[in-house]
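These notes concern the structure reproduced below.
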Amino acid sequence: MAVQETPEERAEQDRLILDAVDRFLERDVKPVAHDLEARDEYPREIVERMKELGLFGATIGEQYGGLGLSASTYAKIVERVSAVWMSVSGIFNSHLIMAQTVERAGTEEQKRRWLPRFASGELRGGIALTEPDAGTDLQGIRTRAVAEGNGYRVNGTKTWISNSVEGHILAVLVKTDPAAEPRHRGMSLMLIEKGAGVQVSRKLEKLGYKGIDSGELVFEDCFVPADNLVGGDEGRGLQQILGGLELGRINVAARGVGIARACLEDSVRYAQLRKTFGKPIAEHQAIQFKLADMATQCEAARLLVEQAAAAYDSGERCDMEAGMAKLFATEAAIHNSLEAMRLHGAYGYSKEFNIERYYRDAPLLAIGEGTNELQRIIIARQLVARNPA
Ligand SMILES: Cc1cc2nc3c(=O)[nH]c(=O)nc-3n(C[C@H](O)[C@H](O)[C@H](O)COP(=O)(O)OP(=O)(O)OC[C@H]3O[C@@H](n4cnc5c(N)ncnc54)[C@H](O)[C@@H]3O)c2cc1C
């Protein structure tokens, strides 16, 4: 019989995992991040270490071979990783959204078939929603899956897909009934392994978020077995993926806290070392104001992330909480990266320091997992829905 863990034992387990992540970051990521980022090189050795640490199964249930971490602990991992090199978090974040969607919405057979291989990192991937003509308005996608024999024939193009070049499998949002009204009833989610009928047409060049692959995928008469339709039913794909995106938004928010904190820590250190007019710049009031604002943004962002993660862990609907955390923490990262650059003067603009990387990485957070404009819409709709006049 399985022995139930006490909350104290769980807390101790979480602490051991966070310590292991800290050691991994110190030893395996920090020394190489700058060079790999500059060369836009996929961090293969880091991926191998992440497999050993179990990060590809961080939120997957223990019964399927994962670590079964809560969203709260997972957010702490994402913050730590992102404070060192945000791209590394992208390699397991969208992979875990795919896994979470299978775990929440898949059939038992699908969970047993896929989740252990996702957890070990043997099969890695992400989510393929965005198309050249549809991002925020996901109901406008055109990728079409037509029933054929014991499966579907898929045709269409997905773009900006993280882990699509180096990964092996993707949760792909398709239209199974383009005439359906409302449109989401005609949308389904399928697990598609790369292979015949799936081509990576190009790797996309980006301002930041280097090292991790963002690609364009073309599906051309790609046959997908009916067993790969998540949950086994057509017409539920949009709800299934939006459920996974709650965790996705918490993790993007946690990335924001990581970058905001890295900017703050580098700035606090530099402000004590750099002298102008005979004293460290930390003693000039204009710089003190910057440090105070950066620290406050960082702390407030972390509290919002903790609140959203706790709501997620309790099983409550948390789109408003996740939206607020995502909006605030990612804007904090953008704010802190620009303030850190000003505070570092010319050195902030130099490729030799990390500040310019934070400054290039931070704006992505306002776009990914639903733009910050979309988060405001979600928050406002929920405010009205939860407070009827
Ligand atoms: C590096 C990177 C990695 C990514 N990884 C993935 C991935 O792994 N999988 C994936 O599927 N996608 C991925 N994306 C795509 C990302 O999710 C989309 O870019 C995002 O959802 C926005 O879509 P869009 O770019 O088409 O912008 P659009 O939807 O065209 O929006 C353009 C602008 O209009 C605003 N807007 C849109 N609708 C409204 C509205 N109703 N009211 C007010 N403002 C509105 C938006 O906020 C934005 O400012 C990635 C993108 C990047 C840059």
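The values are calculated or read from the model by the stated rules, or taken from the named source; none is laboratory data. Worth saying up front: this structure is predicted, and the values here are computed from it rather than measured. Cβ coordinates were reconstructed from backbone atoms using ideal geometry, including for glycine residues, and neighbour counts include every protein chain displayed.
Among the residues making up the range 121-162, those that are in contact (Cβ under 8 Å) with a residue 60 or more places away in the chain, within 7 Å of the ligand (Cβ to nearest atom) and either assigned to a strand (DSSP E or B) or under 26 Å from Met50 (Cβ atoms) (or both) are Ile127, Ala128, Leu129, Lys158, Ser162. The residues of the range 190-209 that are within 26 Å of Val230 (Cβ to Cβ), in a strand (DSSP E or B) and either touching a residue at least 60 places away in the same chain (Cβ under 8 Å) or not polar (S, T, N, Q) (or both), listed by number, are Met190, Leu191, Ile192, Glu193, Val198, Val200. Between Ile169, Ile97, Ile91, the distinction of being hydrophobic (A, V, I, L, M, F, W, C), within 16 Å of the ligand (Cβ to nearest atom), at pLDDT 95 or above and not assigned by TED's automatic domain parsing to the domain that holds Arg23 belongs to Ile169 only.
No other residue among Leu365, Leu343 is over 18 Å from Gly244 (Cα atoms), touching a residue at least 40 places away in the same chain (Cβ under 8 Å) and assigned to a helix (DSSP H, G or I) apart from Leu343. Scanning the range 85-121 for residues that are surrounded by fewer than 20 Cβ atoms within 10 Å (Cβ to Cβ) and either hydroxyl-bearing (Ser, Thr, Tyr) or touching a Lys or Arg at 6+ places or on another chain (Cβ under 8 Å) (or both) returns Thr107, Ser120.
The test for being in a strand (DSSP E or B) and within 13 Å of the ligand (Cβ to nearest atom) does not hold for Ile212.
Matching residues to (1) out of contact with any Leu (no Cβ under 8 Å at 6 or more places or on another chain); (2) at positive phi; (3) of a type in the set (Ser, Thr, Tyr):
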residue	(1), (2), (3)
Phe328	no, no, no
Glu331	yes, no, no
His335	yes, no, no
Ala340	no, no, no
Gly345	yes, yes, no
Gly348	yes, no, no
Lys351	yes, no, no
Ile355	yes, no, no
